[in-house]
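The values are calculated or read from the model by the stated rules, or taken from the named source; none is laboratory data. Bear in mind that the values here come from a model prediction, so they are computed numbers and not experimental data. We place every Cβ from the backbone using ideal geometry, glycine too, and count neighbours over all the protein chains shown.
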Amino acid sequence: MKTFALSVQNLIRKPGRTVALSLLTAFLSLAVFGGTVVVLSLRSGLQSLESRLGADIILVPSEAQSKVSFKDLFLQGTAGAWYMDASVTEKALEVPGVEKAAPQTFLASLKADCCSVKIQVIGIDPQLDFTVQPWISRSLKNGLGDMEIAVGCKVEAGMGEILRIYDRQCKVTACLEPTGTGLDTAVYCNMDTMRKLLEAAEEKGINHKIKSGDEDIISAVYIKVRDGADIGQVNSALTGKLRKVTAVRTRSMITGISDSLAGVSRTVTLLIALVWVLAVVILLLVFLMISRERAGEFAVLRLLGASRQGLGRMVLTESALCGVLGGAAGTALAALCIFPFSALIEQQLSLPYLLPGAGTILALALGTVLLASAVSAAAGFLAARRLSRVDPGSALRGGT
Amino acid sequence: MKKQLIPGCVLLALSLVITLGSISFLSPCVHEDGSFGACHWAGRSCMGIGAVLGILAVMALLLRRGRRGVYLSALPACLLGILTPGTLISLCRMSSMRCRAVMQPALIILFAASALAAAAGAVCAKES
């Protein structure tokens, strides 16, 4: 207890030294905590995208590739709309190996009075859907009724609130859980509501008619392949059978995202390692310099009766306390930069980004503070060993 | 004496960042058609509150008496600044929008830091 009190007094009486040492460990913990949270968020974002897609193949009109990139819709929530004949769903179900086919219709809203960007409205068929329905079911037991909508977590609308889309009033009946993808900015409704919204859009002069003149239109069909069937063969069969339709394998889309994620992850890990090496080397040098500077002080303490082990413990306690202080400050600073600005980070990375749960973040923060104090204590250990060997007589005469 | 001026200098610097930031790097969303959304007015209000904080900081630095009172009066202004974007004045509905992704968190952090600086100034201020 005496050693602890003496260490605390030493830290208080030398504020410059304490702040400098704490800053070094703060830098270390900032890099470790910040980097790890970003990498974990990217990983959970990718997992979420995989589970959220749920389909093996997505059928879209050929024009979809040239309009807004299909990937942009999933990753950045870029609003886009393209249409094809609704009979594509039935034709797809006739292809051997196709287990389920769920149509979706997209509609990019006009610039709403609430926002300066368009909102993506997605119409689903609750009877056939297997991609969005499981997510909606978690928040809404009775399904989506007419003129009812479910909003992604990034659309700030409360339950029961009315959103105006093309001057039609839609009631919010469910708020979906975050997925970390662009789909969080979308609004979901059933096909009947979507037909009414398409009509409303036509009244505003936005034409959704397709060349064949069919009234019943869809934008995409999500395909689930039977167990044991070869996805590549089913994909080829669908491409062969359906004209002017592109079959996109979700695996290839996710692999592309996964490659980008691996690149970001590698860069962040390399940066953390570099910061680590630098911080440890600087800490070691600083503690060695301090041990020279404090040789006289320790010689006096030795002459006053302090044991070698006691002095060693004091230096270790001081360095560990600096580590705790710096670790906590660095972690807090990283948290202040990452959590409030997570939407901005997601936009800049253009990758699925889903923050880990509170428990994981808390454990990570505690681990970072412990790591910072352990590294600081380890660097202080060398100084403690050096100081405990100091001969009081020669130290007081000016030598070490 | 010099130590007593530090909170005032910090408050002045923060108020400058808030005032100038609200119309530059922390500005709200820009609508394609040039119209203004609610977030625009939230940004303007924060700019005004920032300017008030700046005046209070200058007063705290120049006044010899009543410095503590000036710092204490900055606290409700900071609270108003924290509540303005999103609570008192609504912002865009999508959290990916610039007003929600950049302006709101940055201004809340800056106003909270200003409140801390003002509180520190009130504690440190010695009334002669």
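Scanning the range A:65-104 for residues that are more than 21 Å from A:Val225 (Cα to Cα) and at pLDDT 80 or above yields A:Trp82, A:Tyr83, A:Met84, A:Asp85.
Can you say whether B:Ile49 is among the hydrophobic types (A, V, I, L, M, F, W, C), within 14 Å of another protein chain (Cβ to nearest Cβ) and either in contact with a helix residue (DSSP H, G or I) (Cβ under 7 Å, 6 or more places away or on another chain) or at positive phi (or both), as far as the supplied structure shows? Taking the combined requirement at face value, the residue does not satisfy it.
Find the residue count for the range A:1-28, including only residues that are outside any helix (DSSP H, G or I) and touching a helix residue (DSSP H, G or I) at 6+ places or on another chain (Cβ under 8 Å). Can you show your working first?
Taking the range A:1-28 and keeping what is outside any helix (DSSP H, G or I), we get A:1, A:14.
Keeping just the survivors that are touching a helix residue (DSSP H, G or I) at 6+ places or on another chain (Cβ under 8 Å) gives none.
Going through the range A:1-28 one residue at a time, the tally reaches 0.
Within the range B:94-106, being surrounded by fewer than 24 Cβ atoms within 10 Å (Cβ to Cβ), assigned to a helix (DSSP H, G or I) and at the interface with chain A (Cβ under 7 Å from one of its Cβ atoms) holds for B:Val102, B:Pro105.
Only one of A:Ser62, A:Ser116, A:Ser109 is at pLDDT below 85, within 30 Å of B:Pro28 (Cα to Cα) and in contact with a Lys or Arg (Cβ under 6 Å, 6 or more places away or on another chain). Can you tell me which? Result of the check over A:Ser62, A:Ser116, A:Ser109: A:Ser109. Quick one: in the range A:352-369, of everything that is more than 14 Å from chain B (Cβ to nearest Cβ) and either under 10 Å from A:Ser41 (Cα atoms) or touching a His at 6+ places or on another chain (Cβ under 8 Å) (or both), which residue is surrounded by the most Cβ atoms within 10 Å (Cβ to Cβ)? Across the range A:352-369, the extreme among qualifying residues is A:Pro356. Any residue at all in the range B:60-70 that's within 14 Å of chain A (Cβ to nearest Cβ) and either among the β-branched types (Val, Ile, Thr) or closer than 22 Å to B:Leu16 by Cβ (or both)? For the range B:60-70, residues within 14 Å of chain A (Cβ to nearest Cβ) and either among the β-branched types (Val, Ile, Thr) or closer than 22 Å to B:Leu16 by Cβ (or both): absent.
Within the range B:107-128, the set of residues being in a helix (DSSP H, G or I) and either of a type in the set (Lys, Arg) or surrounded by 21 or more Cβ atoms within 10 Å (Cβ to Cβ) (or both) comprises B:Leu107, B:Leu110, B:Phe111, B:Ser114, B:Ala115, B:Ala117, B:Ala118, B:Gly121. Which number in (1) away from chain A (no Cβ under 14 Å); (2) aliphatic (A, V, I, L, M); (3) part of a loop (DSSP other than H, G, I, E, B) marks the one condition that B:Val30 misses? All conditions pass for B:Val30, except number (1). The set of residues in the range A:299-319 being under 13 Å from A:Ser7 (Cβ atoms) and either among the hydroxyl-bearing types (Ser, Thr, Tyr) or in a helix (DSSP H, G or I) (or both) consists of A:Leu301, A:Gly310, A:Leu311, A:Gly312, A:Arg313, A:Met314, A:Val315, A:Leu316, A:Thr317, A:Glu318, A:Ser319. If you take the residues in the range A:141-177 that are acidic (Asp, Glu), closer than 21 Å to B:Met97 by Cβ and without any contact (Cβ under 8 Å) to a residue 40 or more places away in the chain, which one is farthest from the other protein chains (Cβ to nearest Cβ)? Only one residue fits best here, namely A:Glu161.
Is it the case that A:Ile122 is in contact (Cβ under 8 Å) with a residue 40 or more places away in the chain and either in a strand (DSSP E or B) or within 14 Å of chain B (Cβ to nearest Cβ) (or both)?
Values: in contact (Cβ under 8 Å) with a residue 40 or more places away in the chain: yes; either in a strand (DSSP E or B) or within 14 Å of chain B (Cβ to nearest Cβ) (or both): yes.
Considered against the rule, which asks whether it is in contact (Cβ under 8 Å) with a residue 40 or more places away in the chain and either in a strand (DSSP E or B) or within 14 Å of chain B (Cβ to nearest Cβ) (or both), A:Ile122 comes out as yes.
Residues that are of a type in the set (A, V, I, L, M) and surrounded by 23 or more Cβ atoms within 10 Å (Cβ to Cβ) within the range B:69-93 comprise B:Val70, B:Ala74, B:Leu91, listed in sequence order.
Every condition in (1) free of Cβ contacts under 8 Å to residues at least 24 places away in the same chain; (2) under 28 Å from A:Gly45 (Cβ atoms); (3) in a helix (DSSP H, G or I) is met by A:Arg138 except one, and the failing one is (1).
Here are some residues: A:Thr179, A:Thr185, A:Thr193. Which one is in contact with a Phe, Trp or Tyr (Cβ under 8 Å, 6 or more places away or on another chain) and either assigned by TED's automatic domain parsing to the domain that holds A:Met84 or loosely packed, with under 15 Cβ neighbours inside 10 Å (or both)?
Working: A:Thr185 fails: in contact with a Phe, Trp or Tyr (Cβ under 8 Å, 6 or more places away or on another chain); A:Thr193 fails: in contact with a Phe, Trp or Tyr (Cβ under 8 Å, 6 or more places away or on another chain).
A:Thr179 is the lone residue from the list that is in contact with a Phe, Trp or Tyr (Cβ under 8 Å, 6 or more places away or on another chain) and either assigned by TED's automatic domain parsing to the domain that holds A:Met84 or loosely packed, with under 15 Cβ neighbours inside 10 Å (or both).
Return a yes/no flag: does the range A:294-306 have any residue that is surrounded by fewer than 16 Cβ atoms within 10 Å (Cβ to Cβ) and under 30 Å from A:Leu364 (Cβ atoms). Looking for residues that are surrounded by fewer than 16 Cβ atoms within 10 Å (Cβ to Cβ) and under 30 Å from A:Leu364 (Cβ atoms), one finds none in the range A:294-306, hence no.
Considering every residue within the range B:78-87, establish whether at least one is within 14 Å of chain A (Cβ to nearest Cβ) and not in a loop (DSSP other than H, G, I, E, B). Yes, the conditions are met somewhere in the range B:78-87.
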